[in-house]
1. Which members of segment 162-187 meet the condition of being assigned to a helix (DSSP H, G or I), crowded, with 16+ Cβ neighbours inside 10 Å and among the charged types (D, E, K, R)?
2. Within segment 6-28, which residues are β-branched (Val, Ile, Thr) and open to solvent by less than 20 Å² (accessible area, probe 1.4 Å)?
3. When the residues of segment 54-80 are filtered to those that are among the aliphatic types (A, V, I, L, M) and within 14 Å of the chain's Cα centre (by Cα), which remaining residue is surrounded by the most Cβ atoms within 10 Å (Cβ to Cβ)?
4. Scan segment 11-21 and tell me whether some residue there is small (Gly, Ala, Ser), outside any helix (DSSP H, G or I) and in contact with a helix residue (DSSP H, G or I) (Cβ under 9 Å, 6 or more places away or on another chain).
5. For segment 142-180, give me each residue that is under 15 Å from Thr14 (Cα atoms) and not hydrophobic (A, V, I, L, M, F, W, C).
6. Which one of the conditions (1) buried (at least 21 other Cβ atoms within 10 Å of the Cβ); (2) part of a helix (DSSP H, G or I) does Ala122 fail to meet, given that it meets all the rest?
7. Any idea which of Ser73, Ser30 is part of a helix (DSSP H, G or I), modelled with pLDDT under 90 and either over 30 Å from Leu171 (Cα atoms) or of a type in the set (Gly, Ala, Ser) (or both)?
8. Given the residues Thr51, Thr46, Thr111, which is the only one that is in contact (Cβ under 8 Å) with a residue 12 or more places away in the chain and open to solvent by less than 50 Å² (accessible area, probe 1.4 Å)?
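The values are calculated or read from the model by the stated rules, or taken from the named source; none is laboratory data. Predicted model, so just to flag it, every value in this text is computed and none were measured. Quick reminder, even Gly has a Cβ in these numbers, built from the backbone with ideal geometry, and neighbours come from all protein chains shown. Each accessible area value is taken on the protein alone, full model and side chains, heavy atoms only, with ligands, DNA and RNA left out. Shrake-Rupley method; radii C 1.70, N 1.55, O 1.52, S 1.80 Å.
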Amino acid sequence: MLDAEFFRRWMTATAASVDRDAERLTALDSPIGDADHGSNLQRGFTAVVATLEEEAPDTPGAVLTLAGRRLISTVGGASGPLYGTLLRRAGKALGDAAEVSPEQLAEALRTGVDAVRTLGGAAPGDKTMIDALVPAVEALGDSFAAARAAAEEGAGATVPLRARKGRASYLGERSIGHQDPGATSAALLVAALEEAAGE
């Protein structure tokens with residue numbers, strides 16, 4: 001079973017991962033976006049970790065809801081509302097339980113991903129974070145490792161796609177040949193889940 005401490009570890013591992021990969025995320029965002037994806041997420045997840053230490057929520061749902069709220073209030077561009085919605089909706093779906101099973105987490109994240117799809121209007125194949133999140137949530141029923149592998153594969157599969165949503169869609173054909181930064185950061189979020197489980 002997964003408790004609040006697990007979810008705090010997940011957010012801390014995500015922040016560390018975003019920190020390490022911020023330059024790469026920004027480099028990916030440079031040709032097809034605003035060249036700020038890495039720095040935006042870095043600021044957001046640093047704020048999330050600080051807030052979680054300060055307020056110490058004591059249920060999995062409360063950790064994710066607070067993290068989502070913090071991302072929405074600190075991250076500019078589209079990624080704040082999208083990641084914030086993902087975590088907030090997942091947190092609400094988990095409710096007030098002190099511990100949740102991996103299956104309940106998978107179901108809650110599916111709810112969060114559905115909310116992100118509604119908010120951004122993106123579907124798999126549109127070259128967005130959805131391309132990493134949808135396969136990850138499907139694979140989460142098997143294991144955290146399977147979810148990480150599915151997310152990384154999904155992110156890599158955005159390279160040949162033409163962007164149909166978000167800033168990159170304005171480039172049309174020129175968006176082809178670039179890995180989507182949102183799908184790449186989504187894969188980092190999922191990889192951090194496996195890291196949190198392994199500690």
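1. Here is the first cut: in segment 162-187, the ones assigned to a helix (DSSP H, G or I) are 167-175, 181-187.
Right, trim to crowded, with 16+ Cβ neighbours inside 10 Å and you get 167-169, 175, 181-187.
Residue satisfying the conditions is Arg167 alone.
2. Step one: of segment 6-28, the residues β-branched (Val, Ile, Thr) are 12, 14, 18, 26.
Thr14, Val18 - these are the residues of segment 6-28 that are β-branched (Val, Ile, Thr) and open to solvent by less than 20 Å² (accessible area, probe 1.4 Å).
3. Quick first cut of segment 54-80, residues among the aliphatic types (A, V, I, L, M) only: 56, 62-64, 66-67, 71-72, 75, 78.
From what is left, the residues that are within 14 Å of the chain's Cα centre (by Cα) are 64, 67, 71-72, 75, 78.
Details: Leu64: 28, Ala67: 31, Leu71: 27, Ile72: 17, Val75: 25, Ala78: 20.
This residue is Ala67.
4. Within segment 11-21, the first condition is being small (Gly, Ala, Ser), and the residues that meet it are 13, 15-17.
Pick out the ones that are also outside any helix (DSSP H, G or I) and you get none.
Looking for residues that are small (Gly, Ala, Ser), outside any helix (DSSP H, G or I) and in contact with a helix residue (DSSP H, G or I) (Cβ under 9 Å, 6 or more places away or on another chain), one finds none in segment 11-21, hence no.
5. Arg148, Glu152
6. That leaves (2) as the condition not met.
7. Values: Ser73 fails: modelled with pLDDT under 90.
Selected residue: Ser30, the only one of Ser73, Ser30 that is part of a helix (DSSP H, G or I), modelled with pLDDT under 90 and either over 30 Å from Leu171 (Cα atoms) or of a type in the set (Gly, Ala, Ser) (or both).
8. Exactly one of Thr51, Thr46, Thr111 is in contact (Cβ under 8 Å) with a residue 12 or more places away in the chain and open to solvent by less than 50 Å² (accessible area, probe 1.4 Å), namely Thr51.
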